[in-house]
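Structure first, commentary second.
The values are calculated or read from the model by the stated rules, or taken from the named source; none is laboratory data. Values in this document were obtained by computation on a predicted structure and should not be read as measured data. Ideal geometry is used to build each Cβ from the backbone, glycine not excepted, and the neighbour counts take in all protein chains shown.
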Amino acid sequence: MSNDSTLNQVSVLIVGAGPAGLSAAITLKKADPNVEVVVVDKAAGPGNHNLSGAVLEPGALHKLLDSAVPDWQESDQAKKVLVSKVEKDEVLFLPGKNLSFNIISMIKMAAKMKLGFGQMVHHGDYICSIAQLTSWLSDIAKGMGVEVVHGFAVEDIHYDAATGKATGVKLIDQGLDKHGEKQCNYVAGETIEADIIVIAEGCDGLLAEKFIDKAGLKRQAKQLYSVGVKEMIRVSDEQYAKFGDGHVVHAMGYPIWTPVIGPGMFGGGIMYAMGENRIAVGMIVGLDWHPCDFNPQDALTQFKGHAFVKQFIEGGEVIEAGAKMIPEGGFYAIPRDPATNAVGKSNVLLLGDSAGFVNMCKIKGLHNAIESGIAAGNAICQTLNNTSGTAEQYTTLLTEAGVFAEMETAKNFRQTVAKFGPLQGMPLSVLGKWLPQFDIESDWQELTTARYRLKPSVKFDKDTFTAVAATEHREEEPCHLIIQDETICVEKCLSKFGAPCITFCPAGVYEKIQDQPKAANPSNCLHCKTCQRKCPFDNIRWTVPEGAGGPRYKTM
Amino acid sequence: MSHYIVLVKQVPDVSQITDNAFDPETGNLIRTRLPSVINEHDAQALAFANQMRVLSGDKDTKLICLSMGPPMAEEVLRYSLARCADDVVLLTDRALGGADTVATANPLAYGVRKIVAEKFGGSSDYYIIAGMQSVDGDTAQVPAQLAEELKLPCIAYATEAEFINETFRFTRIISGGSQIVEAKKLPVVVTVAKYEFPVYPTFSRTRRANKSQVSQWTASDINAEYIGVKGSKTRVIRVFPPGKTTRKCQEITDVKELARILVEAASAEVKAQETEAEKKKHYLLPDDRPDKFDRSFEGLEKEAQDYKLLMDIFKEMGIQDLSQIDDAKKEQIVEKADGAYRVKALEDMLDGLKANTPTYSGEVWVCAEHDGTAPNSATFELLGKARDLADSLNVECGVVIAGENIQPMTKDLIAAGADKVYAIEHPLLKEFDPTAYRKAIATTIERHKPQIVLYGATPQGRVLAPMVSYRVQCGLTADCTGLAINDSSRKGQIACLFQTRPALGGNVMATICTKDSGCQMATARPGVMQALTKDYSRKGQIINEQVELTEEDVSLRIIKTEMGTGEVNFDAEVIISGGKGLQDRTNFENKIKSLMSAISGKTGAAVELGASRTAVEQGFAERIHQVGQTGTAVGPKLYVAMGISGAIQHMIGVANTEVIVAINTDPNAPIFKSADYYIIGDVNQIVPKLVQEIQAAE
């Protein structure tokens, strides 16, 4: 057998084969074809852990591909992935379960006046599946000589405080049984050494948070989150024709926000035409919700039952589903090196959702993820001989690309809404960019004993939801969801809140077994990490399971 | 120093199958709609082989993976390289495509020969390890047929390997138990039934695998005998979606009524999987049909309709003899058929009408399986079917039985429908040894030339049938759920066995016919065919067969046989399953076992304990009892689910059950939508009452 040890050393290691990481790989490889670039991802295959709406602003993608792939617009994959452009852009306000008002003209007016929420205009954007987009980018990257390896879960980063540089990452140990004992097939997690490490794991990244901690990066404001639950529904020919290709709907109000009597949650519903008689229906809810018995899937059920939505999807079949968090803290929640203000430190960069580049006024982060990948790829190429300065150069290029400027227009948006509630907060958010930065509580601290008024009578069928998400883990591996102190669940949580994790986990991972809330079904986990951010006692930690576990999204 | 050759196959990921994965017109799977993955059983075989290498402590051995498939199948070889393979070979060539199991096993065997010659230096010290079957074909035939081509012993359904005194001992599954065996000499083919410790890829190996060149051998490199469509011994006639089982979803409120349902379901005769229509339509040979133009026994509905239309046109035109039809008449017929067929097709059909002689001749046989004292129930079921087929064909129905001291069993076989019993009595046939049995059965078949031979799709039948069929050079269809005599007149095929079986994990049904063979062979699932009531007044003939066997013909040394113990018998007629609703292990065992003993006590049915995944995760039962997509798929007569919510992943695993009964406290439990009968209530209160009512039931 040949010596494999050199294969555990790479020049540039990118953790996470999503849009951000792959954009970085493509840009770098284009700029310098001789650089060794390896992308590792925990999912079983390309796009398997990527979920979004998605409506994509074309700018960043064009910038990436125009330079890297000649005639990309003519390729079959481009035609397949970029389903269509938005032709009919509706923003609805739903006051109750039957009525709806189209407020797109108001949004368009806001856009003309350059008000924050005017950015909600989507006309001309691409409608696409991020899982397919990612899969395509993966093929492009591989074609250019980037190594994309799937099924490897990174557990930790080796950070040398003396030099301020990271030296590599550690993969997780595999082949342990439920009790953590070594099975006959046990293999210790390898260490991969790298000159430059790009962290592009997505929202609430395990490695990102560990690095932020170890390297002393700081956020000016806490990171805040939303969770999106989404179903891909196949509808009849008539229904789809009526809805129409190129049609996107964003809805506010019912069932998560109604005036005066509440509930007063942040977020909204979406409906996107995905071609082939498919409509993507989703519900995004800010994690700062109050009711302890709230489940975003219940809101999705009510949204699907709204007269406007129902007409298009009634009788349709849910062919795929999934859930994922969105980082919504915005500009002030971007982790930075206090010394240099860099998004990262020295030879480590934070990209995309790992950094929190979501513009909440647009409810979009995909374009910034790609933009950050382009910046990272160029910065790395420019600093290969001096990797101590990569993060700073990356941050400079991000500024030049206008990512921060765009983020600033939406700064305070989510915080304003969180602080003042949607009724006052939405209008106030217009002033958000002129307000000074202010901090609010973490999402998990917002839970109260209040009840969700619009709870559907039938329990949401989470089993089918996870089945169509095609999620799977080896069932004998140690549980990757850690309840830090089980006594808190019984003594404090159960009596007060009734263990909300059991209700809100979209995969039904948590269950009460003999009066003890437990992570009873870890193999159903969708890797959304909502539990880690919404447990009212901050008592759950999401750790990474064996590689290749988790959902297998195809068109989400 | 033993080497290893592991056979791996790329398959569509049937676990991710969706409705739109099938072409609505043809029923064919649209392969691009599903991701391609390594066959799960082969992944286990790879881990098994790797573990053997670890156990042997020998580091200088080679582990080589061999696959056959399109160029994209090199992905599964990279998968293997990333884990533990030292070298890989892909047989890929257009000429190899469209192959059945014979035309797959044959080139693979030639590939093995080439590997041994070129990479092992001709050494015979090696093992061939394969998954027990592929998840898309489910036939389990290729490894056994490969063994037969290479004249090697085959140890099927291994679950464990031990390394004792420098030799491997294998635990293998046999009907109703397990057995520890070792091969008398190497090489040997081992198929792996279940091995749950996957071998993990490493980062460095994965990178190296992605960079390495996979060696590809073409048809001319291996120069195999049977390849592609041409070398195949079977052909697929049609593919169609399986009939959807509709559940009754009836709520029961009275425990007494529930008790009655359970007893009735547990003691029901057999599952009637064949449709009534299939049973009623009793085949007649063309010469026995009242109307000589009658072609209502076509295997394809479309053909039958076309001929029906032709018959009507003949009547209208007053045609009584084919010689009356000249070119002008043909034009006329085509016109009347109104687009149903053109002249060329009509001429084919007219030629078909001339075909009246059955394509095959000889008796219809069943290969009996027994435990030394009595034939198993599958044998009697097959005999019921064979009797029916033989009557259709106007031939005799025979049974071939091999073993030691088998004479006492012959009268039961005659009573169950056999006209003739071919008894191969030999002390070396005392225990089932695939090589010795293959020789005994194949010799007898070659001597008497039956036209059909049926085997039970049991652990024994699924090894023996492929070896025998390969030896006598005829086609074999595995795991049939439907067997009927039909014609394919336009192809000149009269009175052929149309063999229908599920494929792709039960997601499609395929009808298959034998081709280029002297005999048609099939294995049939136990519990599908209907046994006849035994009639001991029936007369039959016992023919004692002499087959020369020596110790050399016995390939395996049997170390130990254990019946019933250790393994879970999911072939049981009744499975009582529990979920998390049963709260804890003690209660789980109490409730399930009391109901199990009540039902088996009352009906005598074999009863097994099952569990949902959550129940297993909570430690209520061992993993081996887990029913469902990631556990074992079962198909008993009666499945009782207590405190199980009915997640789709669980229900997929019980889809083939005859009667599903659910007990749950939650009135909205999804399981009620996929149960035949359900009762809303607490298991703790219902089960004790139910046990009483069952005992009191009539």
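Across region B:162-174, the number of residues qualifying as within 24 Å of residue B:115 (Cα to Cα) and crowded, with 20+ Cβ neighbours inside 10 Å comes to 1. Residues in region B:175-198 that are at the interface with another protein chain (Cβ under 7 Å from one of its Cβ atoms) and buried (at least 22 other Cβ atoms within 10 Å of the Cβ): none.
Which of the residues spanning region B:199-212 are without any contact (Cβ under 8 Å) to a residue 60 or more places away in the chain and either out of contact with any helix residue (DSSP H, G or I) (no Cβ under 7 Å at 6 or more places or on another chain) or more than 7 Å from chain A (Cβ to nearest Cβ) (or both)?
The one that is without any contact (Cβ under 8 Å) to a residue 60 or more places away in the chain and either out of contact with any helix residue (DSSP H, G or I) (no Cβ under 7 Å at 6 or more places or on another chain) or more than 7 Å from chain A (Cβ to nearest Cβ) (or both): B:211.
The sole residue among B:522, B:510, B:478 that is in a strand (DSSP E or B), closer than 24 Å to residue B:136 by Cα and modelled with pLDDT of 95 or more is B:522.
Sub-7 Å Cβ pairs linking a first residue in region A:59-88 that is under 25 Å from residue A:247 (Cβ atoms) to a second residue that is exposed (fewer than 13 other Cβ atoms within 10 Å of the Cβ), at least 6 apart or interchain, are A:85/A:124; A:86/A:124; A:88/A:244, ordered by first then second residue. Would you check which residues across region B:421-459 are touching a Leu at 6+ places or on another chain (Cβ under 8 Å) and either free of Cβ contacts under 8 Å to residues at least 24 places away in the same chain or closer than 20 Å to residue B:542 by Cβ (or both) and list them? Listed by number, the residues that qualify are B:421, B:426, B:429, B:437, B:440, B:441, B:454. Looking at region A:292-314, is at least one residue modelled with pLDDT under 95, crowded, with 21+ Cβ neighbours inside 10 Å and either in the same structural domain as residue A:208 (by TED's automatic domain parsing) or among the small types (Gly, Ala, Ser) (or both)? No, because not a single residue in region A:292-314 is modelled with pLDDT under 95, crowded, with 21+ Cβ neighbours inside 10 Å and either in the same structural domain as residue A:208 (by TED's automatic domain parsing) or among the small types (Gly, Ala, Ser) (or both).
Looking only at region A:144-156, which residues are in contact with a helix residue (DSSP H, G or I) (Cβ under 7 Å, 6 or more places away or on another chain) and either part of a strand (DSSP E or B) or on the phi > 0 side of the Ramachandran plot (or both)? If the condition is that a residue be in contact with a helix residue (DSSP H, G or I) (Cβ under 7 Å, 6 or more places away or on another chain) and either part of a strand (DSSP E or B) or on the phi > 0 side of the Ramachandran plot (or both), then A:145, A:147, A:148, A:149, A:154, A:156 are the ones that fit. I'm checking my understanding of the structure. Among residues of region A:157-195 that are part of a loop (DSSP other than H, G, I, E, B), under 19 Å from residue A:523 (Cα atoms) and touching a residue at least 12 places away in the same chain (Cβ under 8 Å), which one is farthest from the other protein chains (Cβ to nearest Cβ)? Among those that are part of a loop (DSSP other than H, G, I, E, B), under 19 Å from residue A:523 (Cα atoms) and touching a residue at least 12 places away in the same chain (Cβ under 8 Å), it is A:180. Condition check: within 14 Å of chain A (Cβ to nearest Cβ), of a type in the set (Val, Ile, Thr) and farther than 21 Å from residue B:133 by Cβ. Does residue B:92 satisfy that? The answer is no for residue B:92.
The helices (runs of 4 or more DSSP H) found wholly in region A:339-403 and carrying at least 2 residues that are in contact (Cβ under 8 Å) with a residue 60 or more places away in the chain occupy A:352-355, A:366-382. Between A:45, A:53, A:59, the distinction of being within 14 Å of another protein chain (Cβ to nearest Cβ) and either of a type outside the set (A, V, I, L, M) or in a loop (DSSP other than H, G, I, E, B) (or both) belongs to A:45 only.
Number of residues in region B:322-345 that are farther than 15 Å from residue B:311 by Cα, outside any helix (DSSP H, G or I) and within 43 Å of the chain's Cα centre (by Cα) equals 2.
Once region B:638-672 is narrowed to residues that are surrounded by 23 or more Cβ atoms within 10 Å (Cβ to Cβ) and part of a loop (DSSP other than H, G, I, E, B), the residue that is nearest to the other protein chains (Cβ to nearest Cβ) is B:647. Taking each residue of region B:571-588 that is farther than 16 Å from residue B:628 by Cβ and assigned by TED's automatic domain parsing to the domain that holds residue B:645 and looking for partners that are acidic (Asp, Glu) and surrounded by fewer than 24 Cβ atoms within 10 Å (Cβ to Cβ) with beta-carbon atoms closer than 7 Å, six or more apart or interchain, yields B:572/B:608. Listed by position, the helices (runs of 4 or more DSSP H) contained in region A:455-544 that have at least 2 residues being under 22 Å from residue B:667 (Cα atoms), within 14 Å of another protein chain (Cβ to nearest Cβ) and under 24 Å from the mean Cα position of the chain (by Cα) are A:462-468.
Scanning for something at pLDDT below 90 and either touching a Gly at 6+ places or on another chain (Cβ under 8 Å) or in the same structural domain as residue A:211 (by TED's automatic domain parsing) (or both), does region A:112-123 turn up at least one residue? Scanning region A:112-123, I find at least one residue that is at pLDDT below 90 and either touching a Gly at 6+ places or on another chain (Cβ under 8 Å) or in the same structural domain as residue A:211 (by TED's automatic domain parsing) (or both), so the answer is yes. Looking at region A:437-452, is at least one residue within 22 Å of residue A:300 (Cα to Cα), surrounded by fewer than 20 Cβ atoms within 10 Å (Cβ to Cβ), of a type in the set (Val, Ile, Thr) and within 10 Å of chain B (Cβ to nearest Cβ)? No, region A:437-452 has no match at all. When you scan region B:135-155, do you find a residue that is of a type in the set (Val, Ile, Thr) and within 14 Å of another protein chain (Cβ to nearest Cβ), even just one? For region B:135-155, residues of a type in the set (Val, Ile, Thr) and within 14 Å of another protein chain (Cβ to nearest Cβ): absent. When you look at residue B:694, is it within 14 Å of chain A (Cβ to nearest Cβ) and assigned to a helix (DSSP H, G or I), yes or no? When the stated conditions are applied, residue B:694 does not pass them. Here region B:100-156 is the region considered, the condition is being acidic (Asp, Glu) and under 17 Å from the mean Cα position of the chain (by Cα), and the residue that is farthest from residue B:16 (Cα to Cα) is B:100.
Mind listing whichever residues of region A:519-542 are in contact with a helix residue (DSSP H, G or I) (Cβ under 7 Å, 6 or more places away or on another chain) and within 19 Å of residue A:189 (Cβ to Cβ)? Once the filter is applied, which keeps residues that are in contact with a helix residue (DSSP H, G or I) (Cβ under 7 Å, 6 or more places away or on another chain) and within 19 Å of residue A:189 (Cβ to Cβ), region A:519-542 yields A:541, A:542. The number of residues in region B:474-517 that are within 16 Å of residue B:242 (Cβ to Cβ) and in contact with a Phe, Trp or Tyr (Cβ under 6 Å, 6 or more places away or on another chain) comes to 2. One residue alone among B:599, B:624 is part of a helix (DSSP H, G or I), β-branched (Val, Ile, Thr) and surrounded by fewer than 24 Cβ atoms within 10 Å (Cβ to Cβ), and that residue is B:624.
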